[in-house]
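Peer 1: For reference, the structure I am asking about is given below.
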Amino acid sequence: MEFGLLALPFLALLCASLENGLVAWQQEILQQAVVDAGRQIYTGQFQTANQGVTNQATLMSNFKTALCTRSDGTPRTTIFPCANVRISVTQASSFSTAAPVSPTATNGSGASDWNANFGSYTCAGASSIMIVQAAVDIPVFFTFLNSQVATLPNRRRVLQAATVFKVEPYTAGSVCS
C-alpha cells in the first residue's frame with residue numbers, strides 16, 4: 001500500500017530530474033558551441049575565411065557550420081540536431097546597448113512561436129561590438145513539473161545561448177564589401 005502511494009511521485013520526480021539533467025547538458029553544449037564559433041568572429045578568422053562573400057544566407061550557413069564543428073574539424077557532439085539551430089549575429093553600438101533578440105514571439109492567438117526577426121547575420125568589422133546568439137528547440141516529455149518553461153507548440157522547449165564581445169582589430173579585409 002505504501003509503495004503504491006509513493007511510487008508515482010517518486011517516478012515522476014525521477015523522470016523530471018533526468019529530463020532536467022539532459023536539458024542542462026544540452027544547454028552547456030549549445031553555449032560552448034556559441035562561444036567557440038563566436039571566437040572565430042572575435043579574432044577575425046571567420047571574416048578572413050569568408051572574405052568577398054556578401055550573401056547573408058551563405059554567411060549564415062558558413063557560421064552554422066562553424067558552430068556545429070569543433071576547432072579540429074570534427075563534428076560537434078550534440079543531442080539536438082545541429083541543423084535545427086537558429087542563429088542571430090547582430091551588432092551593437094556599445095556594450096550598454098547590446099541587447100539580444102528574443103528567438104520566440106507571441107503570435108496572434110497568444111501562443112509562442114519562432115520570432116521571424118531572429119535569424120540574421122550582420123557583418124563584423126574590426127572593433128565592432130557583436131552579439132552572437134543561437135537557439136534550438138528540444139522536446140519536452142514531462143510537462144507537469146516544467147510549468148514555468150517557455151515552450152513552443154507541440155511540447156517543445158527553446159534553449160538559448162549568447163555571447164557578446166568586441167572584435168579584435170585584424171588586418172584582413174571585411175566580409176561585407
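The values are calculated or read from the model by the stated rules, or taken from the named source; none is laboratory data. Being a predicted model, the structure only gives us computed values, none of them experimental. A quick note on method: Cβ atoms are made from the backbone with ideal geometry, for glycine too, and the neighbour counts reach across all protein chains shown.
Peer 1: Going through segment 61-80 one residue at a time, which ones are charged (D, E, K, R) and in contact with a helix residue (DSSP H, G or I) (Cβ under 9 Å, 6 or more places away or on another chain)?
Peer 2: Matches in segment 61-80: LYS64, ARG70, ARG76.
Peer 1: Identify the residue in segment 163-177 that is at pLDDT below 80 and of a type in the set (Val, Ile, Thr) and, among all such residues, is surrounded by the most Cβ atoms within 10 Å (Cβ to Cβ).
Peer 2: VAL175
Peer 1: Conditions: (1) farther than 30 Å from PHE165 by Cα; (2) among the aromatic types (Phe, Trp, Tyr); (3) modelled with pLDDT of 90 or more. PHE10 meets all but one. Number of the miss?
Peer 2: Looking at each condition in turn, PHE10 falls short on (3).
Peer 1: Out of (1) of a type in the set (Gly, Ala, Ser); (2) assigned to a helix (DSSP H, G or I); (3) under 21 Å from ALA126 (Cβ atoms), what's the single condition that is false for ALA57?
Peer 2: For ALA57, the exception is condition (3).
Peer 1: What do you reckon, is ASN20 at pLDDT below 90, part of a helix (DSSP H, G or I) and not hydroxyl-bearing (Ser, Thr, Tyr)?
Peer 2: Here the answer is yes, as ASN20 does meet what is asked.
Peer 1: Is it the case that LEU67 is crowded, with 17+ Cβ neighbours inside 10 Å, farther than 30 Å from VAL140 by Cβ and touching a residue at least 40 places away in the same chain (Cβ under 8 Å)? I'd like the intermediate steps shown before the answer.
Peer 2: Working: crowded, with 17+ Cβ neighbours inside 10 Å: yes; farther than 30 Å from VAL140 by Cβ: no; touching a residue at least 40 places away in the same chain (Cβ under 8 Å): yes.
It is false that LEU67 is crowded, with 17+ Cβ neighbours inside 10 Å, farther than 30 Å from VAL140 by Cβ and touching a residue at least 40 places away in the same chain (Cβ under 8 Å).
Peer 1: Okay, next question. Just to be sure, is GLN27 part of a helix (DSSP H, G or I), under 30 Å from PHE141 (Cβ atoms) and touching a residue at least 24 places away in the same chain (Cβ under 8 Å)?
Peer 2: Details: part of a helix (DSSP H, G or I): yes; under 30 Å from PHE141 (Cβ atoms): yes; touching a residue at least 24 places away in the same chain (Cβ under 8 Å): yes.
When the stated conditions are applied, GLN27 passes them.
Peer 1: Would you mention how many residues in segment 129-162 are crowded, with 19+ Cβ neighbours inside 10 Å, over 10 Å from the mean Cα position of the chain (by Cα) and at pLDDT 90 or above?
Peer 2: Result for segment 129-162: 2.
Peer 1: Test ILE131 against the stated conditions and say whether it is touching a residue at least 12 places away in the same chain (Cβ under 8 Å) and in a helix (DSSP H, G or I).
Peer 2: Taking the combined requirement at face value, the residue does not satisfy it.
Peer 1: Ok, one more. Do the conditions hold for THR90, that is, is it within 21 Å of LEU30 (Cα to Cα), in contact (Cβ under 8 Å) with a residue 12 or more places away in the chain and in a loop (DSSP other than H, G, I, E, B)?
Peer 2: No; evaluated as a whole, the condition is false for this residue.
Peer 1: Name every residue in segment 82-99 that is surrounded by 14 or more Cβ atoms within 10 Å (Cβ to Cβ) and modelled with pLDDT of 90 or more, in order of residue number.
Peer 2: Once the filter is applied, which keeps residues that are surrounded by 14 or more Cβ atoms within 10 Å (Cβ to Cβ) and modelled with pLDDT of 90 or more, segment 82-99 yields VAL85, ARG86, ILE87, SER88, VAL89, THR90, GLN91, ALA92, ALA98.
Peer 1: Would you call PHE10 assigned to a helix (DSSP H, G or I), surrounded by fewer than 17 Cβ atoms within 10 Å (Cβ to Cβ) and of a type in the set (Phe, Trp, Tyr)?
Peer 2: Judged against the criteria, PHE10 is a match.
Peer 1: Further question: Considering segment 93-123 alone, what residues qualify as being in a loop (DSSP other than H, G, I, E, B) and either acidic (Asp, Glu) or farther than 29 Å from THR69 by Cβ (or both)?
Peer 2: Step one: filter segment 93-123 for residues in a loop (DSSP other than H, G, I, E, B), giving 93-94, 98-103, 107-111, 115-119, 122-123.
SER93, SER94, ASN107, GLY108, SER109, GLY110, ALA111 - these are the residues of segment 93-123 that are in a loop (DSSP other than H, G, I, E, B) and either acidic (Asp, Glu) or farther than 29 Å from THR69 by Cβ (or both).
Peer 1: Can you say whether PHE3 is buried (at least 16 other Cβ atoms within 10 Å of the Cβ) and assigned to a helix (DSSP H, G or I), as far as the supplied structure shows?
Peer 2: Here the answer is no, as PHE3 does not meet what is asked.
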